[in-house]
1. What would the Debye equation give as log₁₀ I(q)/I(0) for segment 287-362 at q = 0.23, 0.26, 0.28 Å⁻¹, counting only Cα atoms as equal point scatterers?
2. What order do you get for Met263, Met180, Met361 when you list them from fewest to most C-beta neighbours inside 10 Å?
3. If you take the Cα Rg of segment 248-435 and divide it by 2.2 N^0.38 Å, with N the number of residues, what do you get?
4. Arrange Ser403, Ser342, Ser99 by Cβ neighbour counts within 10 Å, fewest through most, would you?
5. Give the peptides 228-238, 346-356, 243-253, 204-214 in descending order of average Cβ contacts within 10 Å, highest first.
6. If each DSSP helix of 4+ residues adds -39,500 (n - 2.57) and the sum is divided by the residues in the chain, what number results at 222 nm, nearest 500 deg cm²/dmol?
7. What is the order of Phe97, Phe225, Phe325, fewest Cβ neighbours within 10 Å to most?
8. Translational D (Stokes-Einstein, µm²/s) of the chain at 25 °C and 0.890 mPa s when Rh comes from the Kirkwood sum over C-alpha pairs?
Amino acid sequence: MRQGLLVTLAWVACAQADADLFDRTLPNGMKVIVKEDRRAPVVVSMVWYRAGSMDEVNGKTGVAHVLEHMMFKGTESVPPGEFSRRIARAGGRDNAFTSRDHTAYHQQLANTQLELALRLEADRMANLVLTEEEFSKEIQVVMEERRKRTEDQATSRLYEQLMATAYVAHPYRAPIIGWMNDLENLTVEDTREWYEHWYVPNNAVLIVVGDVRAAEVFDLAQTYFGPISARPLPPRKPQGEPAQQGTRRFSLKAPAELPRLVMAYHVPTLRDIYEEWEPYALSVLAAVLDGHDAARLDRSLVRERNLAVNAGAYYDGANRGPALFVLDGTPAPGTTLAVLESAFKAEIQRILDEGVGAKEMQRVKAQVIAGQVFAMDSVFNQGRLMGSFEMAGLPYYSARAQSEKLTAVTSEQVQAVARMYLVDDKLTVAQLDPLPVTERKPAGPSLETRY
């Protein structure tokens, strides 16, 4: 696992000259962000809606993801499935994704075809046709997706239960794909209500990255999205998570080849990129533990002591809601989950006792900087990172400032966040106890899924 470094790279991957970045807000409230990148004649177009599974209500979990599927089912002028076919005929590709914080739709194609993408996106923002016939077919696809990706996957079930245990009040406790009982009882009216509430220009951000001129993108955005009227958004009530006051622990018994351990600590989310320091220190801590070839968890637990088959750490502070710092590992044969848990805690204690040396800090930060060039090679990654920042309430252009804050983190600050937050009172422990894996039934007919 190298999640620690990947998350850290998210802070810096957009750091280029601000002269390449432009934004404008249309009269209807839709924000348009353009990143000019002329290295190749391609463009990525993304429409982000600030509506994800955290905005759902009990009994209707999964509706955000179901609507994502339904957005490809056509409008009055574009028949079902035709959206993707038109993008493909133009030499491009498209897809979408739903998260806890947002839902986004994207196309990557030749820069001469940008107008096509914007015209199609604007059409389905305003004119989506939702029918009982298409819904009844697509909800079956989503339920099958849940079976294959969650219910038949022990690790996915473990993480689903982890979120439902670590969070007792915040909607992050519900799975993005939804609980199966809710999916079985969703209606086409539920998806129509979601669409009408959240799929409005004043709740959307258009991001275009590639070989384009910002002024021309703004003109196209006004042409196609400008005529769509803004509408009042439903009120978003604060949804805080009560402070945890003691370790939570559960064991999942499921068919699996190997056991697994996940330890999740409640930690801060980044809210003020300039004044806060703890989220940056947590990112560096994750990178120290699991961000490069000499990272501590892999070196100590896997290669030197042979206690784990794999071991890693993960932190992402760019969220609309609360955050977790996660340690994840599979014990080596002969090692119990309890021994691995103790080994994880011992590595944290080692940081508290000894800190992180100057050379190690320098190596971790050098890995972060070296990754910038790789991250910037992809126009899609540039757009996705800027969109993630914007959806989380962080300035899309703040990558350079975040990079500077990361490189300024000290060993003492890494120790401080470990001491404050990686404590038992903030910890949820998830254990996968494997049951024998029985021979699976032959797979049924494949279902087209879009996720």
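Where a number appears in this text, it was derived from the coordinates with a stated rule and is not lab data. Remember, predicted model here, so these are calculated numbers, not experimental data. Please note: Cβ atoms are built from the backbone with ideal geometry, for glycine as well, and neighbour counts cover all protein chains shown.
1. Log-scaled intensity ratios, in q order: -1.09, -1.25, -1.34.
2. Met180, Met361, Met263
3. It is 1.07.
4. Going from sparsest to densest Cβ surroundings: Ser342, Ser99, Ser403.
5. 204-214, 346-356, 243-253, 228-238
6. -12000 deg cm²/dmol
7. Sorted ascending by nearby Cβ count, the order is Phe97, Phe225, Phe325.
8. It diffuses with D of about 105 µm²/s by this estimate.
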